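Since the structure comes first, as structure tokens, the remarks are kept for the end.
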Amino acid sequence: MKILYLVSDTEFGGGQQYFLSIIEALRDKDFQYTVGGKANTNLEKEVRKRSLDFIPYAVHGKFDIKGMMQFSKELKGKEYDVIFLGDGSAWNTGFFLNKSAGFKNLIPIVHMTHIGLEEKEEYGFIERKLSALWDRTWSRYARKIVVSNRKNAGILISEGVKKDKIRVINNCIDVERIKNCARAPKGEILGKFNIKGDKTIIGTISRLGPGKNVKTLLDAFPIVLERFNNCHFFIVGAGPFQTELEKYIKECGLEKHVTFTGWVENQYDYLNFFDIFLFSGISDGIPYVILEAMAYGKPIAATNNGAVNEAISDGETGVLVEKANNESMAQGIIRLLENKELLNSLKVRAEEYCRNNFNIDRMKREVLKLFEELQN
């Protein structure tokens, strides 16, 4: 089976990771994969690193009709059994692939709604109607629509997209492989940053950019330190807001308590020694980083936004806090630090729930079932 994945986004984010999870799930099958995207981007680098075929997909935005028509002409006659469409521009391109090039097995992937789960819910009346019209329009040519969480499915159904077209296939991870990725000893990393080994390490792994809301974490830390002064906070990741956030920490006098690592080659080295993992995003599906923290058996305090609560159940697999609320985040952290019984039970339950519900074997079964439906 020959499979093509199209995406216009130049970065390597959650949506792209979702498709690579599908490839990972089907690694024992004799399938051929090709990724179409913008050339000379981080996406192309990641694709070629994995020895996958790459073709240029030069469509600039959801309304680049000329680019979509040209790409469809170039693809006509190529033998792809299934084409996954990874974002808004690709969904629209699917119309021309269907009408002009004759492809039938077109599957839009809705990893996130096109403007984010939370933003979409806050639309006004006219915006909601236009959004629903667009979703109904691009969904007409799709054989099936794959969504990565139940909340996305509910949004599409409420907009009038046919329920029988939608398949929920959750984000999944290879738990055993990921747990073997951590290599550097805790002491080695703490020593690198001159941090004592007896500290309680609380951390997040995040791109420091829009929607990640890391500043809420920084505002929560002083509240936590008033009660538990032996904590140290790690912010692992880079992004356009890093300089601004580092400056803010200095202004707050928290330099001794907060470490910004910047970009790191192996984030699992850090995740492995966190005592508590934090997630502060404000518009998300089911983030991979939460699943990875669960796989490592980490107690988690996460904002209750988007579809996060499909993985984190408060008091069962983690602690949920209000989004963009530093006081709520601080109380979530304190709740974990105060209650060792809860802390220890979450370690076990989180890992167990991840294995049972978000392991790669489950994705494999669901994707193969989808392919069988297409063939029938």
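The values are calculated or read from the model by the stated rules, or taken from the named source; none is laboratory data. Predicted model only: the values in this text are computed from it and were never measured. Note that we place each Cβ from the backbone using ideal geometry, even for glycine, and neighbour counts take in every protein chain shown.
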> Do you know which of the residues in segment 179-226 that are within 24 Å of the chain's Cα centre (by Cα) and part of a strand (DSSP E or B) is surrounded by the fewest Cβ atoms within 10 Å (Cβ to Cβ)?
Replying inline: I201
> Would you pick out the residues in segment 10-64 that are under 16 Å from D81 (Cβ atoms) and hydroxyl-bearing (S, T, Y)?
Replying inline: Y33, T34
> Within segment 314-324, which residues are touching a helix residue (DSSP H, G or I) at 6+ places or on another chain (Cβ under 8 Å) and surrounded by fewer than 18 Cβ atoms within 10 Å (Cβ to Cβ)?
Replying inline: G315, E316, E322, A324
>> Would you confirm whether or not segment 338-358 contains a residue that is under 27 Å from L106 (Cβ atoms) and hydrophobic (A, V, I, L, M, F, W, C)?
In response: yes
> Of all residues in segment 30-83, which are of a type in the set (S, T, N, Q) and touching a residue at least 24 places away in the same chain (Cβ under 8 Å)?
Replying inline: Q32, T34, T41, N42, S72
> Do you know which of the residues in segment 119-165 that are acidic (D, E) and more than 16 Å from S89 (Cα to Cα) is modelled with the highest pLDDT?
Replying inline: D164
> Counting just the residues of segment 227-264 that are within 17 Å of G197 (Cα to Cα) and of a type in the set (F, W, Y), which one comes out surrounded by the fewest Cβ atoms within 10 Å (Cβ to Cβ)?
Replying inline: F228
>> Any residue in segment 113-138 that is surrounded by 13 or more Cβ atoms within 10 Å (Cβ to Cβ) and of a type in the set (V, I, T) sitting within a Cβ distance under 6 Å of a residue that is at pLDDT below 80 and in a helix (DSSP H, G or I)? List the pairs, counting only those 6 or more apart or interchain.
In response: T113/K120
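If we scan segment 229-242, do we find a residue that is in a helix (DSSP H, G or I) and within 22 Å of G332 (Cα to Cα)?
no
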> Looking at E322, E310, E366, E292, which is the one that is farther than 21 Å from V168 by Cβ and of a type in the set (D, E, K, R)?
Replying inline: E322
> With respect to F54, is the statement that it is among the hydrophobic types (A, V, I, L, M, F, W, C), in contact with a strand residue (DSSP E or B) (Cβ under 9 Å, 6 or more places away or on another chain) and over 25 Å from E366 (Cα atoms) true?
Replying inline: yes
> Are there any pairs, at least 6 apart or on different chains, whose C-beta atoms fall under 8 Å, with the first in segment 257-273 and more than 15 Å from L245 (Cα to Cα) and the second among the hydroxyl-bearing types (S, T, Y), and if so, which?
Replying inline: V264/Y270; Y268/Y296; Y270/T261; L271/Y296; N272/Y296
> Among the residues of segment 325-371 satisfying the criterion of being closer than 15 Å to I22 by Cα and of a type in the set (D, E), which is surrounded by the fewest Cβ atoms within 10 Å (Cβ to Cβ)?
Replying inline: D361
> If you take just the strands (runs of 3 or more DSSP E) that sit entirely in segment 1-94, which of them hold at least 2 residues that are aliphatic (A, V, I, L, M)?
Replying inline: 2-6, 82-85
>> Just to confirm my filter: which helices (runs of 4 or more DSSP H) fall fully inside segment 261-376 and include at least 1 residues that are in contact with a Pro (Cβ under 8 Å, 6 or more places away or on another chain)?
In response: 326-338, 340-357
> Only one of these conditions is not met by G86: (1) without any contact (Cβ under 8 Å) to a residue 24 or more places away in the chain; (2) within 25 Å of L370 (Cβ to Cβ). Which number is it?
Replying inline: (1)
> Within segment 156-175, can you find the residues that are in contact (Cβ under 8 Å) with a residue 40 or more places away in the chain and either surrounded by fewer than 20 Cβ atoms within 10 Å (Cβ to Cβ) or over 22 Å from the mean Cα position of the chain (by Cα) (or both)?
Replying inline: R167, D174
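Condition first: farther than 24 Å from E352 by Cα and either hydrophobic (A, V, I, L, M, F, W, C) or touching a residue at least 12 places away in the same chain (Cβ under 8 Å) (or both). Now tell me which residues in segment 176-185 satisfy that.
Residue satisfying the conditions is A184 alone.
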>> Which numbered condition in (1) modelled with pLDDT under 85; (2) surrounded by fewer than 17 Cβ atoms within 10 Å (Cβ to Cβ) is the only one that G15 fails?
In response: (2)
>> Out of F234, F241, I need the residue that is under 18 Å from I189 (Cα atoms), hydrophobic (A, V, I, L, M, F, W, C) and touching a Gly at 6+ places or on another chain (Cβ under 9 Å). Which one?
In response: F234
>> Regarding segment 93-105, can at least one residue be identified that is surrounded by fewer than 20 Cβ atoms within 10 Å (Cβ to Cβ), at pLDDT below 90 and out of contact with any Ser or Thr (no Cβ under 6 Å at 6 or more places or on another chain)?
In response: no
